[in-house]
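As structure tokens, the structure follows; a few thoughts come after it.
What follows draws every value from the coordinates through simple rules; no lab data is involved. Every value quoted in this text rests on a predicted model; they were computed, and no experiment measured them. Positions of Cβ are generated from backbone atoms using ideal geometry, with glycine treated the same way; all protein chains shown enter the neighbour counts.
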């Protein structure tokens with residue numbers, strides 16, 4: 001699986017998996033998710049999230065599933081940890097390890113006081129052509145969130161979840177994720193049954209990408225990305241529980257099959 005595609009998969013899976021809470025009592029949640037492409041199962045994911053006081057920690061795994069295993073045996077683990085300051089997340093570290101066949105890859109991002117302090121990607125990215133590459137500058141890496149924390153929403157109600165812009169950094173590219181209100185509804189999965197709100201997600205690349213790249217231009221100008229959020233208990237946090245993304249060759253869907261507090 002190409003690294004750029006796995007970057008996208010990590011971001012999209014994180015859209016449905018990230019949850020956090022700021023509370024004096026320790027809380028732990030488990031989520032299980034399916035990823036389908038063109039209606040066929042292509043990946044499975046399982047995540048465990050732990051929150052205590054002003055800290056959060058999320059660990060999980062993603063692997064190929066269904067017919068995809070005939071062509072791709074990609075497996076990966078993802079982790080994110082940090083602090084919660086007011087209604088803002090401050091990541092401290094993000095790490096992803098994944099293998100595809102005999103090829104191993106890794107992404108490691110370290111943060112301090114809301115600023116990216118180091119990024120390590122294995123294998124190292126190829127040399128970029130300065131004529132068509134939008135480079136990162138220092139200001140691009142301030143007040144950004146890693147893929148696991150990028151779509152965690154603190155809000156007073158479902159009505160206030162949408163209408164915001166999230167700054168994402170995935171280890172190479174900086175992008176803005178713009179959430180606008182689309183509709184309200186309800187959902188029922190193991191561990192949760194109740195009201196939801198759906199936001200349309202606009203994708204705007206900022207830096208760390210190649211100009212005129214067809215896939216990015218499609219995501220920016222033509223793709224329809226919908227993210228459905230549900231409340232995480234009484235914490236004031238809203239977690240994406242479903243996402244649909246139109247791609248150049250068909251729809252990609254990420255759905256929670258289970259999301260519940262651990263006993």
Additional length obtainable on full extension of the chain from residue 165 to residue 85, 0.36 nm per residue less Cα span: 27.0 nm
Rounded if a/c under 1.5, otherwise prolate or oblate - segment 150-263, Cα gyration tensor axes: prolate
Fewest-first ranking of 180, 198, using other Cβ atoms within 10 Å as the exposure measure: 180, 198
Burial ordering of 177, 136, 40, fewest other beta-carbon atoms within 10 Å first: 40, 136, 177
Per-residue Cβ neighbour rank within 10 angstrom, fewest leading, 224, 213: 224, 213
